[in-house]
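K.L.:
My structure is below; once you've seen it, I'll send some questions.
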Amino acid sequence: MEPGPGARGNDLFAHRAVTTVHELAHGCVSCTLRADLLPLLCLLATRDSVRRIVIALDPRFEAEAEAVCHAIEHVPVVGVAGRVDGPAGRNVRIGAVITGLDAQAWPVDILGEDTLADRGLAAADDERTVAQVAVGQVEFADAVLVFAPDALGGGDRARLAAILDRLVPLAPAEWLDGPAGPDRERVEGLLARLPAGARRGRIFDAHAPLLRGRPPLQAEYGVQLVEFAASRPFHPARLHEALDVLFDGVVTARGRVWLATQPEEVVWLESAGGGLRVGGAGPWLAAMSPVEFAAADPDRRALAALRWDEHFGDRDVSLTILICAADPDEIRHALHWALVDEDELRQVRTAPGLVAQWEDPFGEWHRDPCDTTESEGATEAALPHDTHE
């Protein structure tokens, strides 16, 4: 992270180190950001000696890099002397997000079902799986440090490289053989290799391209990106049953879902290892009012116009699934089976009131593993959010 245009600073690195630890205020990342971290960033950005600010996140919260970046750009910082209230992004810009992974542990974690609680890593009310954190921290990264790859056999090393090439195709990786960590020169070299399209903290919404960075589409060492697209909706009960294919040998799946029982709402699906979450991503263009439609992203409207259906508008299904030793044909077959058939599609078109009465295990939102002790309508957000007040 670097001070923005309005900040000062000439030296690349400070000549002395000062360490300050900010503990989570009653376990809440959001409160700590608002009360401590964001004001500190604004203060540091005004100092002549500061050219770069590095935020090192606790490993348990590395998936929160997305929340940190969102807060920097959008959460107002108030009460800082000599500064007009507003987001920290006025004073600093996100230069890069770098993450590190253990070459032996990470490939196991991303395919597992352990929760953070199982590992003793969960903060209050955190029900995420280790896989969700492990995949999320790498997926959001601009660059990756791979520790101890020399402990892997040739095939395992190649398989890990194939996963990273498809999960984060724009992120350069530095493979750190041996016990030594990265020195300053190697990190600087890694940052210098960031492509023009690096996200640098940008948060993409559900309607952004699912294959950003043009990842390889061919299979390699059992690793493959599977695309699934359909111009008809899923039957929610059959989709719920079919989702089991996303939990075995699948690194991650994500994309936009059209549920027959929820014709107004774009549904976002995202899985990693044994964890799944489904959430709302706003209305379909076809369900918007004229004012909402005019205000929608122009790129989204242009892409929708290319496939606009006379009756259903822009509604469709678009998923990408990153597999590692799973059967792509089995996944496609299960998802095709979950789509409505011709008779059901006719009902979707002519009798939406009747379709609304179909069994819908998702309610409005859904989370796996299923918890039968909670109400069916329990919410699970699919995008970064602040739930603590």
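K.L.:
Suppose we filter ARG159, ARG186, ARG232 for residues that are free of Cβ contacts under 8 Å to residues at least 60 places away in the same chain, open to solvent by 20 Å² or more (accessible area, probe 1.4 Å) and out of contact with any His (no Cβ under 8 Å at 6 or more places or on another chain); which single one remains?
P.N.:
Details: ARG159 fails: free of Cβ contacts under 8 Å to residues at least 60 places away in the same chain; ARG232 fails: free of Cβ contacts under 8 Å to residues at least 60 places away in the same chain.
Just one listed residue meets the conditions, ARG186.
K.L.:
Checking ALA65 against (1) under 19 Å from ALA173 (Cβ atoms); (2) open to solvent by 20 Å² or more (accessible area, probe 1.4 Å); (3) touching a strand residue (DSSP E or B) at 6+ places or on another chain (Cβ under 8 Å); (4) at pLDDT below 90, which single condition isn't satisfied?
P.N.:
(2)
K.L.:
Scan ASP142, ASP109, ASP156 and give me the residue that is among the acidic types (Asp, Glu), over 19 Å from VAL68 (Cβ atoms), modelled with pLDDT of 90 or more and under 20 Å from the mean Cα position of the chain (by Cα). Please lay out each step first, then the result.
P.N.:
Details: ASP142 fails: over 19 Å from VAL68 (Cβ atoms); ASP156 fails: under 20 Å from the mean Cα position of the chain (by Cα).
Selected residue: ASP109, the only one of ASP142, ASP109, ASP156 that is among the acidic types (Asp, Glu), over 19 Å from VAL68 (Cβ atoms), modelled with pLDDT of 90 or more and under 20 Å from the mean Cα position of the chain (by Cα).
K.L.:
Please enumerate the residues belonging to the range 168-225 that are more than 21 Å from CYS69 (Cβ to Cβ), touching a helix residue (DSSP H, G or I) at 6+ places or on another chain (Cβ under 6 Å) and of a type in the set (A, V, I, L, M, F, W, C).
P.N.:
Those that are more than 21 Å from CYS69 (Cβ to Cβ), touching a helix residue (DSSP H, G or I) at 6+ places or on another chain (Cβ under 6 Å) and of a type in the set (A, V, I, L, M, F, W, C): TRP175, VAL223, LEU225.
K.L.:
Within the range 148-176, count every residue that is out of contact with any Pro (no Cβ under 9 Å at 6 or more places or on another chain), over 22 Å from LEU210 (Cα atoms) and not in a helix (DSSP H, G or I).
P.N.:
Matching residues across the range 148-176 total 1.
K.L.:
Next up: Quick one: in the range 106-129, which of the residues that are in contact (Cβ under 8 Å) with a residue 12 or more places away in the chain and within 19 Å of VAL168 (Cα to Cα) is most open to solvent (accessible area, probe 1.4 Å)?
P.N.:
Looking at the filtered set, the residue picked out is LEU111.
K.L.:
Here is a further query. Tell me, which helices (runs of 4 or more DSSP H) wholly within the range 307-359 include 2 or more residues that are closer than 14 Å to ALA253 by Cβ and under 26 Å from the mean Cα position of the chain (by Cα)? Break it down stepwise before answering.
P.N.:
Values: elements: 328-338, 342-350, 352-355.
In the range 307-359, the matching helices (runs of 4 or more DSSP H) lie at 328-338.
K.L.:
Hey, among VAL54, VAL80, which residue is among the aliphatic types (A, V, I, L, M) and modelled with pLDDT of 85 or more? Break it down stepwise before answering.
P.N.:
Working: VAL80 fails: modelled with pLDDT of 85 or more.
That would be VAL54, the only listed residue that is among the aliphatic types (A, V, I, L, M) and modelled with pLDDT of 85 or more.
K.L.:
Taking ALA96 as the residue in question, decide whether it is closer than 30 Å to LEU44 by Cβ and in contact (Cβ under 8 Å) with a residue 60 or more places away in the chain.
P.N.:
Working: closer than 30 Å to LEU44 by Cβ: yes; in contact (Cβ under 8 Å) with a residue 60 or more places away in the chain: yes.
Criteria met by ALA96.
K.L.:
If you scan the range 242-269, which residues turn out to be within 19 Å of ASP360 (Cβ to Cβ), open to solvent by 10 Å² or more (accessible area, probe 1.4 Å) and within 13 Å of the chain's Cα centre (by Cα)?
P.N.:
Residue satisfying the conditions is TRP268 alone.
K.L.:
Yes or no: ARG34 at pLDDT below 90 and either open to solvent by less than 70 Å² (accessible area, probe 1.4 Å) or within 21 Å of the chain's Cα centre (by Cα) (or both)? Step through it out loud before you land on a result.
P.N.:
On the way: at pLDDT below 90: yes; either open to solvent by less than 70 Å² (accessible area, probe 1.4 Å) or within 21 Å of the chain's Cα centre (by Cα) (or both): no.
No: the conditions fail for ARG34.
K.L.:
Could you pull out the residue among ALA103, ALA88, ALA134 that is buried (at least 16 other Cβ atoms within 10 Å of the Cβ), among the aliphatic types (A, V, I, L, M) and within 19 Å of the chain's Cα centre (by Cα)? Break it down stepwise before answering.
P.N.:
Details: ALA103 fails: within 19 Å of the chain's Cα centre (by Cα); ALA88 fails: within 19 Å of the chain's Cα centre (by Cα).
When all the criteria are applied, what remains is ALA134.
The values are calculated or read from the model by the stated rules, or taken from the named source; none is laboratory data. Note that the coordinates shown come from a computational prediction; the quantities given were computed from them, not determined experimentally. In this analysis, Cβ positions are derived from the backbone assuming ideal geometry, glycine residues included, and neighbour counts consider all displayed protein chains. Quick note on the areas: whole protein, heavy atoms, side chains included, nothing else; ligands and nucleic acids left out. Shrake-Rupley method; radii C 1.70, N 1.55, O 1.52, S 1.80 Å.
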